[in-house]
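The values are calculated or read from the model by the stated rules, or taken from the named source; none is laboratory data. Every value quoted in this text rests on a predicted model; they were computed, and no experiment measured them. In this analysis, Cβ positions are derived from the backbone assuming ideal geometry, glycine residues included, and neighbour counts consider all displayed protein chains.
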Amino acid sequence: MGYLVATTNMKGGVGKTTLTVNLAACLAKYHRKRVLVVDLDPQISATLSLMSPTDFAKIRKDKGTLKHLIQKAITGDLGYGDAKEVVRSYAGNMGGIDILPGDIDLYNDFLVSEVLYKKAVRNPERNFESVWNSFEDSLMHNILNPLKNTYDFIFLDCAPSYNLVTRSSLVCSDFYLIPSKAEPLSYIGMQLLERQVKKLVETHQIDPKKQAQLIGIVFTMSRSILAGRYYKQVMKRVRQEFNDSQVFKTSVPMDVSVSRAVDSFKPVVLSDPDTTGSKAFRAVAQEFLQKLQSLTPTAQSVRLSKLE
Ligand SMILES: Nc1ncnc2c1ncn2[C@@H]1O[C@H](COP(=O)(O)OP(=O)(O)OP(=O)(O)O)[C@@H](O)[C@H]1O
Ligand SMILES: [Mg+2]
C-alpha cells in the first residue's frame, strides 16, 4: 500500500504546488517510485505544471477530472474503479508519474449541503453535523483508496483554504508536508494549520495512531546574502516552535528556472536538472525518504529502503 501525503499550508503562494510536482518527479526519476499527483485546488496549478492547457481542456471535456469523482461521491454513485479511469500518465517522456487532474470547479457547496441535509432528515437518529463529518471522512478516502496499491506515493496538492476537500484529504492522509516561506505570514499559516489538524482529530474522532503525521516543514523560495539574516531569524523561530527534526535541512532557493519550467509543462527537475533549484529538490526528496523511514514502523521502513 502506498502512502498518501498531503502538501498543505493555510497560506497561499508558499510553494506547495511547486514542491509537490518536483518532489513527485524526483521520487519517480531518481528513486524509481511510482507516484501519483492529485490536484485538489481549483487553481489547477499542479495539473498545468504537468500538462498543457490544450490537453487539460480535452480531458475536462471528456469528464476526466477530479470534479466528476467528487460529484459521484456526493450522489453515492462512486464505483471502485472510477478513479483509475480518470488518472492520466504524465506525458513528459518519463514513466512512474501520473496525475489525477483537478478542475476549476471542483464541487458545488450548495449541492453537498442539500444532499447531506436530506440524508440527515431521513435518519432521525443522526444530526446534520454527524452526516457531514462522516461524508468528509469518506470522500477522499473512497476516491483514493482504490489507487493505493498502484503507487508508492500519492501526493495531494491542497488549496490554500481549509475547505471540504482539504479537510477530507487531511483525514485520509498518512502524512502531511508543510512548505513555507521564511516569513511571518507563512509561519502563521503553519500554526493555523496545526491548530486545524488538532481540531479535525477531535471532531472526527480520529484514532491518534491513524492521524496524519507531520513529515516536515520545507522552507521554500529562500533568498541569500542581503535578506539572509532576517530569514534565518524566522527559521530559528520555526525550529524552536516545532521539533527541530521536523524541519528539513534543505531549503529551496529562489530560482527563476523553477517558475520558468511551468512554461514547458514540466517540473524544473525534469526540464532543467542542473539548476540550483533542481539540486535542492533532489536533496529534499532524499531527506523526505529518510524522514519517512524514521516515522514508519520497521516493516514499512524495510520496504522503503528496498525501493530506494
Ligand atoms: N524556488 C522557487 N523559485 C522561484 N519561484 C518559485 C519557487 N517556488 C515557487 N515559485 C513560484 O512561486 C509561485 C507560487 O508557487 P506555488 O504555486 O508552488 O505556491 P502554492 O503555495 O502552491 O500557491 P497556492 O496557495 O496559490 O496554491 C509560482 O509562480 C511558482 O512558480
Ligand atoms: Mg498551489
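Quick one: in the stretch 14-48, of everything that is among the hydroxyl-bearing types (Ser, Thr, Tyr) and within 14 Å of the chain's Cα centre (by Cα), which residue is surrounded by the most Cβ atoms within 10 Å (Cβ to Cβ)?
Only one residue tops the list, namely THR47.
So, ILE59, is that one within 16 Å of ligand 1 (Cβ to nearest atom), β-branched (Val, Ile, Thr) and surrounded by fewer than 19 Cβ atoms within 10 Å (Cβ to Cβ) or not?
Answer is no for this residue.
More than 12 Å from ligand 1 (Cβ to nearest atom), more than 29 Å from SER113 (Cβ to Cβ) and at pLDDT 90 or above - does that describe any residue in the stretch 205-213?
Yes, the stretch 205-213 has at least one match.
Taking the residues in the stretch 9-26 that are under 23 Å from PHE56 (Cβ atoms), in a helix (DSSP H, G or I) and not β-branched (Val, Ile, Thr) as candidates, determine which candidate is nearest to ligand 1 (Cβ to nearest atom).
Step one: of the stretch 9-26, the residues under 23 Å from PHE56 (Cβ atoms) are 12-13, 15-25.
Within this subset, residues satisfying the condition of being in a helix (DSSP H, G or I) are 16-25.
From what's left, not β-branched (Val, Ile, Thr): 16, 19, 22-25.
Working: LYS16: 4, LEU19: 7, ASN22: 9, LEU23: 11, ALA24: 13, ALA25: 14 Å.
The selected residue is LYS16.
This table checks each residue for (1) more than 12 Å from ILE143 (Cβ to Cβ); (2) surrounded by 19 or more Cβ atoms within 10 Å (Cβ to Cβ); (3) at pLDDT 95 or above; (4) under 20 Å from the mean Cα position of the chain (by Cα).
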residue: LEU69; (1), (2), (3), (4): no, yes, yes, yes
residue: ASP82; (1), (2), (3), (4): no, no, yes, no
residue: SER89; (1), (2), (3), (4): yes, no, no, yes
residue: GLY102; (1), (2), (3), (4): yes, yes, yes, yes
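Farther than 23 Å from LEU193 by Cβ and either under 13 Å from the mean Cα position of the chain (by Cα) or buried (at least 20 other Cβ atoms within 10 Å of the Cβ) (or both), is that true of LYS11? Quick ask: steps written out before the conclusion?
Details: farther than 23 Å from LEU193 by Cβ: no; either under 13 Å from the mean Cα position of the chain (by Cα) or buried (at least 20 other Cβ atoms within 10 Å of the Cβ) (or both): yes.
No: the conditions fail for LYS11.
Report whether or not ILE215 is more than 16 Å from ligand 2 (Cβ to nearest atom), within 23 Å of SER169 (Cα to Cα), touching a residue at least 24 places away in the same chain (Cβ under 8 Å) and not in a loop (DSSP other than H, G, I, E, B).
yes
Looking only at the stretch 174-233, how many residues end up being on the phi > 0 side of the Ramachandran plot and touching a strand residue (DSSP E or B) at 6+ places or on another chain (Cβ under 9 Å)?
Going through the stretch 174-233 one residue at a time, the tally reaches 2.
Any residue at all in the stretch 48-61 that is over 22 Å from ASP103 (Cβ atoms) and assigned to a loop (DSSP other than H, G, I, E, B)?
no
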